[in-house]
Amino acid sequence: MPKSSTKMASVVYLLFGFHLIVIMSSSLPATSEVFAKQYPSTEPVEEKLTQLHFYFHNNITGEHPTAMKTVLPPKGSIHGFGATYMMDDPLTEGPSPTSKLVGRSQGIYALASQHEPGLLMVTNFLFTLGIYNGSTLSILGRNPTFIKVREMPIVGGTGIFKYARGSAVLTTYVYDITGGVAIVEYNVTVMHV
Ligand SMILES: *[C@@H]1O[C@H](CO)[C@@H](O)[C@H](O)[C@H]1NC(C)=O
Ligand SMILES: *[C@@H]1O[C@H](CO)[C@@H](O)[C@H](O)[C@H]1NC(C)=O
Ligand SMILES: *[C@@H]1O[C@H](CO)[C@@H](O)[C@H](O)[C@H]1NC(C)=O
């Protein structure tokens with residue numbers, strides 16, 4: 001390189017080099033593994049808050065139950081500990097089973113407490129109405145069904161609810177143990193992008 005252009009380059013470097021390095025390094029991945037690249041966090045994205053209200057219908061009776069026991073509790077278990085159900089339960093606008101369908105709860109609930117009726121719920125709420133059609137919310141929570149108002153965390157979501165986190169507050173609307181039917185009111189508050 002001729003001397004003059006070297007000098008020029010160092011002047012340019014002095015004037016702009018530092019800034020260039022800063023700008024470049026902030027857009028370059030901080031790690032350089034092929035399978036994983038980490039970037040500095042971007043501008044904060046504005047989060048949206050959505051409130052949902054619907055009713056969940058669980059019906060383990062009849063020819064086409066919405067939930068089925070897939071694992072029996074072991075012998076001698078207390079409070080049905082270990083029993084596991086798979087559900088594909090309707091979610092509706094109102095409390096009546098014939099009310100407008102807004103989605104389904106597709107997942108598992110299992111009796112996870114030996115001390116009181118307490119469920120482990122691992123389920124996805126799939127919404128099917130309007131702009132929400134195809135979007136999901138994932139719930140992973142403890143549901144102590146004997147308590148009037150319960151709360152379960154929303155741990156994620158897809159579609160409209162991408163990057164979701166939030167809280168589901170629920171209360172039993174109808175519980176008919178002999179009829180095998182439970183209708184539960186849900187108020188869900190969710191933050192998402
Ligand atoms: C529960 O399901 C049975 C049959 O599958 C049906 O006869 C009954 O009406 C249902 N109960 C409710 C409250 O939806
Ligand atoms: C929701 O989406 C599915 C598949 O994309 C489609 O078959 C269905 O008709 C849609 N339902 C409503 C209510 O828009
Ligand atoms: C849900 O919100 C409505 C309206 O604020 C309220 O009347 C109802 O009691 C709430 N239900 C639950 C289960 O939190």
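Ordered from highest to lowest accessible area with the whole protein assembly present and a 1.4 Å probe, 39, 55 read as 39, 55. Taking θ as phi - 60° and the Karplus parameters 6.51, -1.76 and 1.60, the scalar couplings of the stretch 151-162 work out to 9, 10, x, 8, 9, x, x, 9, x, 4, 9, 4 Hz in sequence order, x denoting glycine and proline.
How much area per residue is accessible in the stretch 46-190 when the probe is 1.4 Å and only protein heavy atoms are counted (Å²)?
Numbers: 7970 Å² over 145 residues.
Averaged over the residues of the stretch 46-190, the accessible area is 55 Å².
Expressed as a whole percent, the accessible surface of the stretch 46-190 that belongs to carbon and sulfur atoms is 60, based on a 1.4 Å probe.
The values are calculated or read from the model by the stated rules, or taken from the named source; none is laboratory data. Because the structure is predicted, anything quoted here is derived from the model rather than measured. Surface areas here come from the heavy atoms of the whole protein model, side chains and all, with no ligands, DNA or RNA. Shrake-Rupley method; radii C 1.70, N 1.55, O 1.52, S 1.80 Å.
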